[in-house]
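A short worksheet on the structure shown next.
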Amino acid sequence: MKYVAWFGAFVATLLGLIYVVAFTSFGNSLVTPLIEAKIKEETKLESKLETFSLSMSDFEILLELNKNNTILLKGNYSLFSQSFDIAYRVSLLELKTLQPLTQVQLQSSFGTEGSVVGDMAFMKVDGKSDVAKSNTSYHVELTNLNPSSIIAKVENLDLASLLYLGGQKEYASAILNLDVDFKNITVHELDGKVLLTTKEGKLNQAVMKKDFNITIPPTAFDMQLNASLAGDSAEYTYFLSSNLAKLSSSGLVTPEPLALDVKYGVDIKELAVLKPMTNADVRGSFRLSGTAKGSKESLVVKGRSDIAASDTSFEALLEEFTPKSVRASIKNMQLQKVLYMVKQPHYSDGYFSMDATISDANPKNLQGKITTSIKDGLLDSKFLTKEYEFASLMPTTRYTLSTDTKLNKNIVDTQVNLASTLANLDVKQARFNLDDASIQSDYVVKLHDLNRLYFVTQRNLKGALEANGELKKAKDLDFTMFSNVAGGKLQAKLHNDDFSANIKAMQTLDILDMLIYPKIFDSSIDGVLAYNLVAKKGDFKGELVDGKFTKNQVLDLAKQYAYTDLYPERFKGNVNANINKENILASLDLNSNRSFIKTKDAKLNSKTKQMDAKLDISANGNPLEVTLKGDANAPKVGVNAEKLIKKEAEKAITKEVNKLFKGLF
């Protein structure tokens with residue numbers, strides 16, 4: 001019994017000490033420094049308990065976090081029922097001084113007051129606040145210390161003040177109203193509504209320019225979000241209206257696991273004003289609407305647009321938000337509007353259409369097919385002439401274009417058919433490698449009328465031309481061309497900037513006819529041309545066989561002065577030329593059985609068609625010098641018969657001397 005008495009006395013003493021320490025003013029004064037020290041340690045502020053009063057049934061605590069920032073708690077409680085009725089007031093007049101506690105730089109002030117009534121199993125919190133100049137009230141219910149219901153109303157909250165409070169600059173100003181009515185916010189048992197409205201919104205042009213170097217026009221906006229939550233899902237409608245764009249969305253969303261069944265819409269009046277934010281240099285209007293339905297594992301996104309006056313639609317399957325397959329269709333998109341939108345010059349009019357089916361959009365296993373076409377194409381001849389500085393006007397050129405492309409992993413194979421009033425181009429297979437950006441393509445080109453190329457060649461040409469070959473572009477550029485032209489064959493090759501050509505059995509009359517030069521020599525020619533496109537320099541070496549002259553002034557003069565008819569004679573020989581841009585320096589060495597025609601360093605300008613040449617002619621041993629100057633089509637012909645006269649004089653003197661000697665002897 002003695003030990004029981006001692007134990008009872010110990011317990012009574014202990015309880016007495018606890019009572020004295022915890023529930024008397026003397027005890028409160030003892031624990032206050034200890035509590036202050038712990039608060040300072042946790043808040044990292046020079047906090048102070050201005051008031052700490054705790055009794056068996058009530059308490060009052062006034063905590064000064066630092067100067068001008070206080071928290072007041074005051075109320076009644078029951079230790080036995082664990083119920084309480086507490087009033088609170090939070091007055092934070094200098095938020096910027098609380099950074100050690102908040103870990104972010106806040107500004108301005110924040111205040112709220114209210115009451116907490118209930119017990120540890122269920123309690124209610126009711127309060128009000130003037131945060132960001134608003135009139136805010138809230139009612140929160142907690143079950144086992146977990147929020148189970150929230151009702152809040154925020155009226156006329158100032159967005160600029162809220163941004164400033166959060167340490168952000170005044171990027172925008174607006175008046176926000178928020179109504180939250182959640183009867184139940186328990187996970188998987190959601191039951192509530194949210195209504196958020198924004199009015200009188202304006203973007204701050206000066207701050208956007210200073211912080212992001214973004215120049216935006218005066219922009220006003222309004223916004224509304226209306227959502228109803230039930231169970232795990234939320235049904236919502238959203239609308240944003242501004243002078244820049246209108247955005248809308250509505251539907252059903254389940255956050256986890258993610259499931260969507262929503263509609264969306266975008267209506268942008270002028271894309272150009274969004275450039276500072278999107279960094280896309282485009283202009284014009286843009287409208288898009290569609291749906292998104294499915295889950296994170298399989299989401300189908302559909303859309304439709306009238307971009308560039310087209311009928312455009314697409315459907316994409318996404319897995320884990322990565323495109324798996326895509327189908328797209330564009331019908332009658334106006335090229336001139338596309339060029340306008342992307343701020344490109346008006347190269348062409350026409351209507352562009354496309355059908356694309358990408359069965360596997362994984363870049364490593366790309367599979368699909370794309371067909372495109374342009375109808376009623378019309379090149380802007382005036383603009384192209386000015387843009388590329390053609391010396392003469394490009395002719396009116398109409399065209400149609402169709403392509404058929406197959407995608408197979410890293411290989412893109414394309415067929416091309418271009419038909420125009422300037423030329424036709426057919427490509428059976430242009431193969432592009434996505435990995436190394438190399439391309440290999442065949443081609444067949446048909447030029448209907450070479451004279452229509454005058455705006456490029458700056459010389460009149462006659463006839464048509466058809467050629468075929470291959471194009472290869474990897475590290476180097478290689479281009480080949482084969483053509484039956486001028487009665488012979490042309491085989492050409494381009495390696496980067498170096499061009500070479502071999503001609504075989506071409507007929508000079510056909511060549512001269514194509515070049516619209518006087519057809520004075522009929523021959524077959526073989527030759528080799530080497531030319532650098534950048535330097536515009538090169539050499540030509542050719543061989544003429546079985547040649548004969550047609551009626552021309554030079555041979556008429558030879559017949560007149562040398563008393564020899566060269567027309568029946570057959571010539572062969574060499575022709576060489578050095579090319580330096582438009583200037584050609586040519587040499588000719590033609591020989592027949594009894595005559596020759598030679599010229600060295602004859603000058604010809606292919607652009608102006610001016611020539612300056614001297615021909616040395618030996619007609620059956622009779623020498624004659626002929627000069628050709630002026631327009632190559634009708635040059636001025638000059639004759640120097642000095643050598644011939646000298647020869648004839650020598651013959652006459654010799655004859656007379658012979659007569660004299662015969663008379664003497």
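Each other residue within a Cβ distance under 9 Å of Val282 adds +1 if Lys or Arg and -1 if Asp or Glu, for a net charge of +2.
The phi torsions of region 61-74, fed into the Karplus equation with coefficients 6.51, -1.76 and 1.60 and a -60° offset, translate into couplings of 10, 10, 9, 9, 4, 6, 4, 6, 10, 10, 10, 10, 10, 8 Hz, rounded to whole numbers, with Gly and Pro shown as x.
Amide H to amide H, with H built 1.01 Å from N, Gly167 comes under 5 Å of Gln107, counting only residues 5 or more places away or on other chains. Across the chain, the convex hull enclosing all Cα atoms gives 264 Å³ per residue.
Electrostatic tally near Ser173: other residues with Cβ closer than 10 Å to its Cβ, Lys and Arg +1, Asp and Glu -1, net -2. Would you mind computing the Rg to Rh ratio of region 128-231 from its alpha-carbon coordinates, Kirkwood style for Rh? Rg/Rh: 1.09. For the chain, the dipole from Cβ point charges (+1 on Lys and Arg, -1 on Asp and Glu) about the Cα centre works out to 3820 debye, to the nearest 20. Here's how it looks for Lys193: its modeled amide H is under 5 Å from those of Asp181, Phe182, Lys183, Leu229, which are all 5 or more places away or on a different chain.
A simple charge model with +1 on the Cβ of Lys and Arg, -1 on the Cβ of Asp and Glu and nothing else charged puts the dipole of region 441-582 at about 200 debye relative to its Cα centre. Each Lys and Arg contributes +1 and each Asp and Glu -1, all at the Cβ; summed about the Cα centre of region 128-231, the dipole is approximately 340 debye.
Among Glu320, Glu170, the ranking by other beta carbons within 10 Å of each residue's beta carbon, starting with the fewest, stands as Glu320, Glu170. The residue among Ser618, Ser606, Asn591 whose Cα reaches farthest toward the positive pole of the charge dipole of region 500-652, with charges on the beta-carbon of Lys, Arg, Asp and Glu, is Ser606. Its relative contact order, with pairs defined as Cα atoms under 8 Å and 6+ residues apart, puts region 128-231 at 21 percent. Among Phe390, Phe321, a tally of other beta-carbon atoms within 10 Å of each Cβ gives an order, fewest to most, of Phe321, Phe390. Here the Karplus relation 6.51 cos²θ - 1.76 cosθ + 1.60, evaluated at θ = phi - 60°, turns the backbone of region 230-239 into coupling constants of 9, x, 9, 10, 10, 9, 9, 9, 9, 8 Hz, with x for every Gly and Pro.
Projecting the Cα atoms of Leu471, Ala121, Gly542 onto the charge dipole of the chain (Cβ charges, centred on the Cα centre) puts Gly542 farthest toward the positive pole. Note that region 570-586 has calculated 3J(HN,Hα) couplings of 9, 10, 8, x, 10, 9, 10, 8, 10, 10, 9, 6, 8, 8, 10, 10, 10 Hz, one per residue in order, obtained from phi through the Karplus relation 6.51 cos²θ - 1.76 cosθ + 1.60 (θ = phi - 60°); glycine and proline are x.
For Thr627, the residues whose amide H sits under 5 Å from its own are Leu615, Gly638, Val639, Asn640, ignoring neighbours fewer than 5 places away on the same chain, with H placed 1.01 Å from N. Each of His346 and Ser137 was given a label point 7 Å from its Cα along the Cα-to-Cβ line. The distance between the two points is 6.4 nm. Positive end of the dipole of the chain (Cβ unit charges, origin at the Cα centre): among Ser295, Leu512, Leu450, the Cα lying farthest that way belongs to Leu512. Is region 65-190 rounded, prolate or oblate when judged by the Cα gyration tensor, a ≥ b ≥ c being the square roots of its eigenvalues, rounded requiring a/c under 1.5 and prolate requiring a/b larger than b/c? Note, shape of region 65-190 comes out oblate.
Values quoted throughout were computed directly from the atomic coordinates according to the rules given, and no laboratory measurement underlies them. Note that this is a predicted model, so its numbers are computed, not measured. All Cβ positions, glycine included, derive from the backbone under ideal geometry; neighbour counts span all protein chains shown.
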